[in-house]
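Quick notes on the structure that follows.
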Amino acid sequence: MKLICVAILFVSAIGLTSAELQCSQKELKIPKGWIDMVNPCVESMRNQIEEELKASMRYMAMGAYFSQDTINRPGFAEMFFKSASEEREHAIKLIHYLLMRGELTNNVSKLIKRNLIPSTTSWANGVSALKDALELETSVTKKIRKVIQKCEDNEKFNDYHLVDYLTGEFLEEQYKGQREIAGQISTLEKLMEKHGALGEWLFDKKLQGAE
Amino acid sequence: MKAIICISVLFFATLALAAEDYCYKDVVEACKTTTKKSVTALNCTAKYGAIDNLQSKLQRYVNHHFIRSFEYLLMATHFANYEKNREGFEKLFRGFSDNKWHEAIELIKYITKRGGEMNFNELSEGIRDEDKEEQDFELLELSSVAKALDIEKKLALEAFQIHEDASRKMNGFHDPEVSSHIEHEFVHKQRDIVRKLAGYTTDLSELLNGPDASLSLYLFDEYLQKQ
Ligand SMILES: [Fe+2]
């Protein structure tokens, strides 16, 4: 009786393997010497990906707020939605950089938290949202500088190329972006000094035409 | 009897009339009084129909799109590492990620078009439950397409649910504008994506059953790159 059972199991196992698809392929032996990034640099780059996406969702909340009929600032909304998508692009750029350096071959599933719920979802007016945006960018700049420090001041390995990339591409965009927002705050605050509602309305129309 | 009917008809008629004239009445009131009435206190919103009752499901739908967008981005990332090196699969999932992202933004705009607002905390129980298990987005070729098919079907059925709510002739839910929007912006597109992914699983499961799975995957990836 036992024998029959074993035989049945054996046959069914054969039946299973013959129907099994060859989904995975054999282990590869690719030289790994070229993969030269080290920790904590890699770790801080991985974290920065989520930071960019968090910034993205904060802009998303601003876009949603200014889209409402009772707020009705389509120019602001469009600008913030655009910023949200730009921040997502930054995250993707960082991902591509790591992939280029041979990273992200494992632990990718936990790279991004599932939902990055924005904490603030309403603003007193356009100026306060712009000020929030400027503070957000300032904090992102600081975080990128920290990544650079981790990748540069490393006895094991000074990552010249990544430091150059972050400095030339990311910091460049941060500083230009911050200057732009600061200028917008200045213009809008001056406009609103004596003509609050009219000032913001005019500024919004100007933003709508900025496309 | 006749009088009662007459009175009640008159009563409902005035109610309906009042509902239509809220904004105008408020404005007249606001313009008359010396105390300034704030704009938000006026009954002049874009809301009509059943948006109040349908809003939370639409908000959920936005958030689910964001979550799926991030998941597809992780799936694309995995296929783009040097070991997997599957540019076609990367392109497929990156495309899905981009689409979910833009659809979410458009849906936020739509909710506000109907006088609603966005709530980033709204999630369905089903999505919350997924969090309880370990999530894996580093998948083999066929498994990734299978996962995508499941995701897309879930999204398609969720659109059906919103449509069902909006089509119920129940008071406070009937809203043909919402159901029509769901049809045009989601339902038909989803039909094509589901069909495409189902076709891919047919092809891949046949190809991987043959003598050279590696070559098959290479050729299939080349094919995906050109899509
Ligand atoms: Fe950024």
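The values are calculated or read from the model by the stated rules, or taken from the named source; none is laboratory data. As the structure is a computational prediction, the values presented were derived from the model and not from experiment. Positions of Cβ are backbone-derived with ideal geometry, glycine not excepted, and every protein chain shown enters the neighbour counts. For the accessible areas, the whole protein counts, side chains as well, though only heavy atoms, and no ligand, DNA or RNA atoms are used. Shrake-Rupley method; radii C 1.70, N 1.55, O 1.52, S 1.80 Å.
Worth pointing out:
- Karplus-derived 3J(HN,Hα), 6.51/-1.76/1.60, for each residue of the stretch A:146-161, Hz, glycine and proline x: 5, 4, 4, 4, 5, 8, 9, 7, 10, 4, 5, 6, 8, 8, 3, 5
- The relative contact order of chain B comes to 23 percent, based on Cα pairs under 8 Å that sit 6 or more residues apart.
- For the residues A:L191, B:L73, a 1.4 Å probe over the protein chains yields an accessible-area ranking, largest first, of A:L191, B:L73.
- Between A:E135 and A:A197, the contour length at 0.36 nm per residue exceeds the alpha carbon distance by 19.9 nm.
- Ranked from largest, the principal axis spans of the Cα set of the stretch A:128-211 equal 59, 22, 13 Å.
- Rounded FRET efficiency, nearest 0.05, which uses the C-beta distance separating B:Y218 from A:A182 and R0 of 51 Å: 0.50
- A cut-off under 15 angstrom between Cβ atoms defines the neighbours of B:R114, and their net charge, with Lys, Arg +1 and Asp, Glu -1, is -4.
- Cα centroid separation - the stretch A:51-127 against the stretch A:156-185, whole Å: 18 Å
- Loop-located chymotrypsin sites (Phe, Trp or Tyr not before Pro) in the stretch A:128-199 whose Cβ has at most 14 other Cβ within 10 Å (DSSP): A:F157
- Dipole axis of chain B (+1 Lys, Arg; -1 Asp, Glu on Cβ), positive-most option in B:F137, B:F96, B:S205: B:F96
- Measuring against 29 Å, Cα to Cα, the residue pairs A:K32/A:K150; A:K176/B:K189; A:K32/B:K226 contain A:K176/B:K189; A:K32/B:K226 as the ones spanning a longer distance.
- Two-decimal ratio, the stretch B:51-225, of alpha-carbon radius of gyration to 2.2 N^0.38 Å: 1.15
- Stretching B:Q225 away from B:N209 to a fully extended chain increases their span by 3.5 nm, per 0.36 nm per residue minus the current alpha-carbon distance.
- In the stretch B:120-151, the trypsin sites (Lys or Arg not before Pro) that fall in loop regions by DSSP, at most 14 other Cβ within 10 Å: B:K132
- Candidate lysines for bridging to B:K25, where Cα separation is under 19 Å - those fewer than 8 sequence places away on the same chain excluded: B:K36, B:K37, B:K47
- GNM result for chain A, Cα springs below 10 Å: residue of A:I71, A:I181, A:I30 fluctuating most strongly: A:I30
- Among A:P31, A:P118, A:P74, the largest mean-square fluctuation in a Gaussian network model of chain A (Cα springs under 10 Å) belongs to A:P31.
- Label reach from B:A198 (point 7 Å along Cα→C-beta): in the stretch B:149-165, amide nitrogens under 18 Å belong to B:149-161.
- Taking the square roots of 5 times each eigenvalue of the Cα gyration tensor of chain A, largest first, gives ellipsoid semi-axes of 49, 26, 12 Å.
- With an a/c value of 1.5 or above and a/b not larger than b/c for the gyration tensor axes a ≥ b ≥ c computed over the alpha-carbon atoms, the stretch B:72-141 is described as oblate.
- On the basis of the beta-carbon distance and an R0 of 30 Å, B:H188 and A:Q208 show a calculated FRET efficiency of 0.45.
- Once the Kirkwood radius over Cα pairs is known for the stretch A:168-211, the Stokes-Einstein relation at 25 °C and 0.890 mPa s delivers a diffusion coefficient of 212 µm²/s.
- Inter-label distance for B:K113 and B:E133, nm, one decimal - labels placed 7 Å from Cα along Cα-to-Cβ: 3.6 nm
- FRET efficiency for the pair B:E164 and B:C44, taken as 1/(1 + (r/R0)^6) with r the Cβ-Cβ distance and R0 = 41 Å, rounds to 0.85.
- The lysines whose alpha-carbon is closer than 17 Å to the alpha-carbon of A:K205, local same-chain residues fewer than 8 away aside, are A:K82, A:K190.
- Global geometry of the protein assembly as shown, whether rounded, prolate or oblate, following the gyration tensor of its Cα atoms and the 1.5 cut on a/c: oblate
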